[in-house]
Each structure stands twice: as C-alpha cells, then as structure tokens.
Amino acid sequence: MKNIYDYTQNQLIEEMAEIGEKKFRATQVFEWLYRKQATSFSEMSNLSLELREKLIKNYDIQTLSLVEKQVAKDGTTKYLFALKDGGLIETVLMRMEYGQSVCVTSQLGCNMGCAFCASGLLKKQRDLSAAEMVGQVMFVNQELLKEGLRVTHVVVMGTGEPFDNYDNVDRFVHILNEPKGLAIGARHMTISTCGLIPKIDQYSDNGLQTNLAISLHAPNDEIRDQLMPINRVYGMDALRQSIKNYIAKTNRRVTFEYILLDGVNDSLAHARQLAHYVHGLNCYINLIPYNPVSENGFQKSSAECVSAFHQELLRLKVNATLRKEHGSDIDAACGQLRAKKMLK
Ligand code: SF4
C-alpha cells in the first residue's frame, strides 16, 4: 500500500486528484500530518467521512514501530525501529546547543564497506523510501512535542549511503522543507556522502540549499583505499575536483568529516597532508572522536593526540572543529545497536 508520508504537497495534490478529490484537500491532509501531528486518518475531523474512508483504504500512515530506545546521560537518544517488512533501522536524536538534530538512516544496511563502520558489517538489503525516512523524523518529533520541543535539524548520516538512494533522499528533504509541513530549513539539513562523484555532480544542480558533508576520514589515497573501498573507484584527486565544482556552482561551504583512528590517520604528518588537501576549498573539517566497534579492531585516538591534530590544523589556518562526543555511554556508533541486534 502507498504511504501518505511519501509525498510533497504538490505530489499529494496529484494523489488527491487520482481519488477524485479537490486540491485544497491535499493542504488539509498535509496540515493534519505535519502541523497537528495526526497519527491516524480518523483524527482528521474536518475531512468528510467519505474522504477519511478513501484515505484509510488507499494509504498507510505508519512506516515503523519502536523496538528499543537507549537514552544516554547527555540526552542523546538512539531508537531502534522495525520497518513494515521487519527490517531494523536506527535513528538518533542529538540535543545540541542550537536545537534538536535527528540523524536519519537512508538504507537498510550499506554496501560501501567502510572498515571502521558498524553499519558496513551488514550488507544493504534495500533502499528506504522517502516515507520511511520521514517516518523516523515524525516519530522523534512527536516525542519532542511532549517536552514542548521540535526537530530543528536533520542529518542524513545514519546507516546507508544517501547518494546511493538519491531520488528518495532528494524527495525526503523536499518533504521536510515544505512550508505547510515541518518547514525544516534547507540550511538545517545535511546530506553526507562517502564520495559518489557522479551524484555530487548531480546534487550541485539540485537547487535546494541543503548542506553537503563528505566522509573523508583519510589524508591520502593509501589510507583511504584501506578504510573506504569507494576510494578505489573515486580517488581523492577526482573527489577534490568534484567538490571544487560543487562549491563553485552552489557557493556553499562543504564539511569534511574526519574520524580519528588511533595509529591510522591521526599523526601530525597526517594533519599536514589533510591541510594541504583542503587548501583553497571553502570548507571546514569536523574532527570526530571514534566510537569503537568491537568487531573491527580500530581504537579511539587519545585525547592528547586528538588535541594535537586539531591544533596543527588550526596552526595551518584550516577551519576545524572537534565534535563533542554524543551518547558515549550507549551504543552510539553508527549502526552499532542494529548490528548487535541482527548479529545476535
Ligand atoms: S560509514 Fe557510511 S557509507 Fe561507510 S559503510 Fe558506514 S554507513 Fe556505509
């Protein structure tokens, strides 16, 4: 069955036309879903009984159900959800100084095989639909509403490579951006890619002002080849050129994500190589302390090492921030809770 969360407002107008309803019905349904947070069609009291019945017959609202929830001391909350077909996904709420940010999963598993990643332990089974991504945000938003809060930021950085599910992710951000919906500003949404160059090029022409993050995690091809198999297809020089084109076209700043792994990519020489790589790009580097995943043997860099790496980048005039650790007392690494559950 179709899911009602799968549509932008214009697409919902077309859907309503298909079931013989007027345009304004789409606006009403949209407002019920996203403004009044309705979780069933029967709540939509200003719609005729006939329309509510048509909606119930033709569309689902639910996309997922909660399996497990872990809350860390700092308020970071990890949700394990079951999709309709039984697939398990994770969603994370991070409470930041600037608002409530939700990290969304875009695929059931991931084929990119990054060596340090818990999600890469389990291969991709399928792409998530836009509705299944919207469903994650709506669930967390409904929880936050009980505290008088709402989701203000979205990052597509959970399990999966968003650009390997380009059309659905694109549709998802358009739905969240709808003024009569959740109205999450494009600049409050970030899509993270491990570097699928043709899709970065496509994204440059997309027109929506969402942020782009690149999971770089290495200062040179030798290390990146080992950590991220995608680098053997799209090497760092070609990636840099694609990012340069993206910045020239969009006039947007790019974020590089860099996980510090003990003895792998965290020396001062690596910091200098990284500074050289990003030189001349409008970007900043987000240094991320690693959350160890027991299955792969990588360790977290020491606090001294992380600080020295950061200072070296700053000394070389590179914009770099050290990401605060979130939820280190729960299964906070991307895909860790899901992997644990599935490997059981
Ligand atoms: S880091 Fe991202 S792209 Fe790489 S395996 Fe994990 S989920 Fe996939």
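The values are calculated or read from the model by the stated rules, or taken from the named source; none is laboratory data. This is a predicted model, so every value here is computed, not measured. Ideal geometry is used to build each Cβ from the backbone, glycine not excepted, and the neighbour counts take in all protein chains shown. What goes into the accessible areas is simple: the full protein's heavy atoms, side chains included, and nothing from ligands, DNA or RNA. Shrake-Rupley method; radii C 1.70, N 1.55, O 1.52, S 1.80 Å.
Here are some notes:
For every residue, the table says whether it meets (1) within 16 Å of the ligand (Cβ to nearest atom); (2) open to solvent by 20 Å² or more (accessible area, probe 1.4 Å).
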residue	(1), (2)
R35	no, yes
S40	no, yes
S48	no, yes
Y59	no, no
S65	no, yes
G75	no, no
T91	yes, no
M96	no, yes
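- Unmet criterion (only one of (1) in a helix (DSSP H, G or I); (2) closer than 16 Å to S101 by Cα) for V151: (1)
- Matching residues, region 160-193, being among the charged types (D, E, K, R), in a helix (DSSP H, G or I) and in contact with a helix residue (DSSP H, G or I) (Cβ under 6 Å, 6 or more places away or on another chain): R171
- Among the residues here, F81 qualifies as over 15 Å from the mean Cα position of the chain (by Cα), open to solvent by less than 10 Å² (accessible area, probe 1.4 Å) and either closer than 20 Å to I4 by Cα or aromatic (F, W, Y) (or both).
To keep it simple, each residue is scored yes or no on (1) within 14 Å of the ligand (Cβ to nearest atom); (2) open to solvent by 40 Å² or more (accessible area, probe 1.4 Å); (3) assigned by TED's automatic domain parsing to the domain that holds P292.
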site: L227; (1), (2), (3): yes, no, yes
site: R232; (1), (2), (3): yes, yes, yes
site: S242; (1), (2), (3): no, no, yes
site: A248; (1), (2), (3): no, yes, yes
site: V254; (1), (2), (3): no, no, yes
site: L261; (1), (2), (3): yes, no, yes
site: D266; (1), (2), (3): no, no, yes
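- When region 192-225 is filtered for residues that are free of Cβ contacts under 8 Å to residues at least 24 places away in the same chain and surrounded by fewer than 17 Cβ atoms within 10 Å (Cβ to Cβ), the ones remaining, listed by number, are P198, G207, D221, E222, D225.
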